[in-house]
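Chemist: Quick one: this structure, given as structure tokens, is what I'll be asking you about.
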Amino acid sequence: MALNLSPTNYYELTNSYTGSNFPLAVISSSSDLELRVASKDDSSLSWQFLPAQDTTKYNICTNYEGTSYCLDVLGNDKTIPHLATPAFVTGQQWTAVPSEGNTYKFSNDYSGSGYYLDIYSDTKKTLMSTGGHSGQYWTLNSEGEQPTVSGLVSR
């Protein structure tokens, strides 16, 4: 089921494991632009949910250092989320599954059924995992409307 989200609204993503003070952020030292949750004072990102080719799914996109990126998983390891150049690929097509309270679990077509965006309990880096871990339950905190991330051609 698709969410009813404006493609011009930005959201901060936090999860149930670390709470609202630790949003999804980029690991600036990672050459693959991998992600983690970090203090709000760190490098947190604002995200847009843009309709994917399959309109029940989303491209979850952001701007980092002036460049547009979308949430994706590595091609050689579909359990490692990272930022990638916007493209119409299955690793960037995310399904938002309504869950406990006002939270959502995010899966993508490339990682496969049953794998959800999660974090490691020690490093707070993101991964795709199975099960029902508290790090898989994400809250979308609205940050208001802004210009749409560039790079995806409308269909």
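The values are calculated or read from the model by the stated rules, or taken from the named source; none is laboratory data. This one's a predicted model, so the numbers in the text were calculated from it and none came from an experiment. Positions of Cβ are generated from backbone atoms using ideal geometry, with glycine treated the same way; all protein chains shown enter the neighbour counts. SASA here: full protein model, heavy atoms, side chains in, ligands and nucleic acids out. Shrake-Rupley method; radii C 1.70, N 1.55, O 1.52, S 1.80 Å.
Chemist: Suppose we keep just the alpha-carbon trace of the chain; what are its Rg and Dmax in angstrom?
Modeler: 13.8, 41
Chemist: Then there's this: For the chain, which whole-number percentage of the solvent-accessible area (1.4 Å probe, protein heavy atoms only) is attributable to carbon and sulfur atoms? Let's see the in-between values first.
Modeler: Values: 3420 of 7240 Å².
Carbon with sulfur: 47 percent of the solvent-accessible area.
Chemist: Which of the three applies to region 49-93, rounded, prolate or oblate, going by the alpha-carbon gyration tensor with a ≥ b ≥ c and a/c under 1.5 meaning rounded? Can you show the working numbers first?
Modeler: Details: a/c = 2.18, a/b = 1.05, b/c = 2.09.
In terms of gyration-tensor shape, oblate.
Chemist: A87 to S134: extension gain in nm, 0.36 nm per residue of separation minus the Cα-Cα distance? Each step should come with its number before you reach the end.
Modeler: On the way: separation 47, 0.36 × 47 = 16.92 nm, distance 2.96 nm.
Using 0.36 nm per residue and subtracting the Cα-Cα distance, I get 14.0 nm.
Chemist: What whole-number value in Å² describes the accessible area per residue of region 41-119 for a 1.4 Å probe? Working shown, then result.
Modeler: Details: 3300 Å² over 79 residues.
Ligands and nucleic acids excluded, the figure is 42 Å² per residue.
Chemist: For a quick check, take a GNM of the chain with Cα springs below 10 Å and name the residue from Y104, Y69, Y120 with the largest mean-square fluctuation.
Modeler: Y120
Chemist: In the Gaussian network model of the chain, springs joining C-alpha atoms below 10 Å, which of S16, S134, S31 carries the largest mean-square fluctuation?
Modeler: Highest fluctuation of the listed residues: S31.
Chemist: Nearest 20 debye, what's the magnitude of the dipole of region 59-155 about its Cα centre given +1 on Lys and Arg Cβ and -1 on Asp and Glu Cβ?
Modeler: Values: 5 positive and 9 negative charges, 33 e Å.
Using Cβ point charges on Lys, Arg, Asp and Glu, region 59-155 gives about 160 debye.
Chemist: Where is the GNM fluctuation largest for the chain (alpha-carbon springs, 10 angstrom cutoff): F22, F88, F106?
Modeler: Looking only at F22, F88, F106, the largest GNM fluctuation is found for F88.
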